[in-house]
1. Kindly indicate whether residue B:56 is within 14 Å of chain A (Cβ to nearest Cβ) and either free of Cβ contacts under 8 Å to residues at least 40 places away in the same chain or under 24 Å from residue B:184 (Cβ atoms) (or both).
2. Considering only residues that are in contact (Cβ under 8 Å) with a residue 40 or more places away in the chain and within 19 Å of residue B:179 (Cα to Cα), look in segment B:81-99 and name the one that is nearest to the other protein chains (Cβ to nearest Cβ).
3. Just one of (1) in contact with a strand residue (DSSP E or B) (Cβ under 8 Å, 6 or more places away or on another chain); (2) over 23 Å from residue A:272 (Cβ atoms); (3) surrounded by 21 or more Cβ atoms within 10 Å (Cβ to Cβ) trips up residue A:152, so point out which.
4. Between a residue in segment A:294-309 that is at pLDDT 90 or above and any residue that is of a type in the set (Val, Ile, Thr) and surrounded by 16 or more Cβ atoms within 10 Å (Cβ to Cβ), which pairs come within a Cβ distance under 6 Å, given they are 6 or more apart or on different chains?
5. Within segment B:58-70, work out how many residues are assigned to a strand (DSSP E or B) and either acidic (Asp, Glu) or open to solvent by less than 40 Å² (accessible area, probe 1.4 Å) (or both).
6. Might you let me know whether segment A:275-282 holds any residue that is open to solvent by less than 40 Å² (accessible area, probe 1.4 Å) and either in contact (Cβ under 8 Å) with a residue 24 or more places away in the chain or not in a helix (DSSP H, G or I) (or both)?
7. Taking the criterion of being open to solvent by less than 40 Å² (accessible area, probe 1.4 Å), more than 30 Å from residue A:209 (Cα to Cα) and more than 10 Å from every other protein chain (Cβ to nearest Cβ), would at least one residue in segment A:63-72 satisfy it?
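The values are calculated or read from the model by the stated rules, or taken from the named source; none is laboratory data. Owing to the predicted nature of the structure, the values given are computational and were not obtained by experimental measurement. Cβ placement follows ideal geometry from the backbone for every residue including glycine, while neighbour counts extend to all protein chains displayed. Note: accessible area is taken over every heavy atom of the protein model, side chains too, but ligands, DNA and RNA are not part of it. Shrake-Rupley method; radii C 1.70, N 1.55, O 1.52, S 1.80 Å.
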Amino acid sequence: MVGLNKSEFKNPVVNWIDTRLPIFTMMQNEYGAFPTPKNFNYLWNFGALAMINLMIMMVTGVFLAMNYQPNATLAFDSVQHIMRDVNYGWLLRYVHQNGASMFFIVVFVHIFRNMYYGSYKNPRELLWIFGVVLLLLMMATSFMGYVLPWGQMSYWGATVITNLFSAFPVVGDPIVTWLWGGFSVDNPTLNRFFSLHYLLPFVIFGVTFLHVVALHITGSNNPLGIDVKSPQDTLPFHPYYTVKDSVGLCVYLLVFAIFVFFWPNLLGDPNNFIPANPLQTPADIVPEWYFLPFYAILRSVPNKLGGVCLMFGSIAVLFVLPWLDTSPVRSARFRPIFRKLIWLWIVSVGVLGVCGANKPEGIWVVLSRVGTAYYFLHFLVILPILGKLERPLPLPESISRPVIGGGPLPGGAAAKPMEKV
Amino acid sequence: MADTSAAASHGQPGDVTKRDFLKLVAGAGAAIGAAAMAWPLIDSMNPSKDVLAMSSVEVDLTPIAVGQGITLMWRGKPVFVRHRTEQEIKDAEAVQLGQLIDPQADDARVKPGEKQWIVLVGICTHLGCIPTGNKPTEMRGDWGGWFCPCHGSQYDTSGRVRHGPAPANLAVPPYAFESDTKIKIG
């Protein structure tokens, strides 16, 4: 596309820039007039919230890095220095630390929204795959960030997670040595984790950009899971959804603030107040709460390699979810059986989370095996078969119908395209 | 955009509508909120409490012979402590204040009864270099005090600037005599 943009902006400065680089036109098209299904519920806030959360993490992280020392002998003390001496250092750190948990809360809800309303289905498969990539990047970033304070849980978490790779035959041990840059988790490990922890958010930002571009090609899904059929089904993004997102943002910031100002260490582990000690492992090694279900899957299998493969598999299976779910109907509202089973899957993830927080003995071993079995059963058996067997409820003729009133038409009624006002 | 549509339905163009007011209030609220969030970030770059904490240094004066000076670190800066000779004190006191670039009497730069000791922050007031002349072997300039190698500023035996480009005298840090042979800087 060579040629100047014919800008419609009145302001001469904006117009001058927009003629040469049409970013104002782009913003107007993608965030101003962008036609968005008019029936969003508040679950559609969480993409925007994740974006804002990423910004909060990057900004606080940059300022924390100004005072942090990525050196095994200085790291722990430099974090205490941030907490005690740096102006508002306590605020920056608590926002960053709890921001990681908020980020996972937001992203887990965002993923649930996609699964419940079938947003991953044709034509949004690639959009979904970018999302799974983002989840993996977030996990890597948060894991390496958790190592940086160099407390006991940082050190032993890093040791346990990097040792996962030793499960692979032949290449396992060289890979672990390579990850460590030595023969145990030590200063070289801390240095590279700091470097990568600073890098990956920018990678996340880039993939998020692709994620959003893909979204703006396909358009958003909606709670009914049916396609937009006419302009009557949509609203301009601004002001309708900027305002709706703002309401969600206020609630999100409120919850965030409650964590930061009243329970800043609620989700942290007391062991991380003890400086890293390579000669003593804490009694219970527990990952951060957002890794607990995956940790439970890892421990549910008595075989080392088997556990590691299942744990990685629990994320990998998400990549092929669009093809495992064979039902052409997106929204769970019109899938009476799926609508119940998705909650059973959520329960299995919750049970796995509780199992991950407890020692792997007695009832917890049994529960984590049942949970793991159901986790994979849902994706690998139930979804492919359910799509063939389930009889979906009749879909509404258009998004406008149930919004304005009238409800779903009887199945088979000819769909009449709405006329533009 | 807003004013045309709002004006069309609520009044003449140029009228202030309720929507304009709400937008202004919401915008101002968001701006104040953003500024309130930005302040902790900006302030975190200011000196931290451990840096601000008044660090002090004690100096034993007994080893410093007449005519000699020592350099020590205080708050990350060099501090000159010089044991002046009788001649140097006399030179410093004899100067007409009118001749000075930054007029200040020698009495105001030393402690009463301890005129032989001059304590200065050893940073040239021009662009922050460290002047030479604290040791007798170093270049002291035409006024026998200190000489800045960067741009040729010269200071007399009281640390007062006598030759530009420096605009001001070498600073005297806060210090006190704990005994006749010991001072505490800071």
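1. On the way: within 14 Å of chain A (Cβ to nearest Cβ): no; either free of Cβ contacts under 8 Å to residues at least 40 places away in the same chain or under 24 Å from residue B:184 (Cβ atoms) (or both): yes.
No.
2. So the residue we want is B:81.
3. Here residue A:152 meets the rest and fails (2).
4. Final answer for the pair search is A:297/A:372; A:300/A:372; A:307/A:301.
5. Residues of segment B:58-70 that are assigned to a strand (DSSP E or B), as a first pass: B:58-60, B:69-70.
Remaining after also requiring either acidic (Asp, Glu) or open to solvent by less than 40 Å² (accessible area, probe 1.4 Å) (or both): B:58-60, B:69.
Counting residues in segment B:58-70 that are assigned to a strand (DSSP E or B) and either acidic (Asp, Glu) or open to solvent by less than 40 Å² (accessible area, probe 1.4 Å) (or both) gives 4.
6. So the first thing to find is which residues in segment A:275-282 are open to solvent by less than 40 Å² (accessible area, probe 1.4 Å), and the list is A:276, A:282.
Filter again for either in contact (Cβ under 8 Å) with a residue 24 or more places away in the chain or not in a helix (DSSP H, G or I) (or both), leaving A:276, A:282.
Yes, there is a match, as at least one residue in segment A:275-282 is open to solvent by less than 40 Å² (accessible area, probe 1.4 Å) and either in contact (Cβ under 8 Å) with a residue 24 or more places away in the chain or not in a helix (DSSP H, G or I) (or both).
7. The answer is yes; a qualifying residue exists.
So that you can scan it fast, the table gives a plain yes or no per residue for (1) part of a loop (DSSP other than H, G, I, E, B); (2) within 19 Å of the chain's Cα centre (by Cα):
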{"residue": "A:43", "(1), (2)": "no, yes"}
{"residue": "A:61", "(1), (2)": "no, yes"}
{"residue": "A:64", "(1), (2)": "no, no"}
{"residue": "A:71", "(1), (2)": "yes, no"}
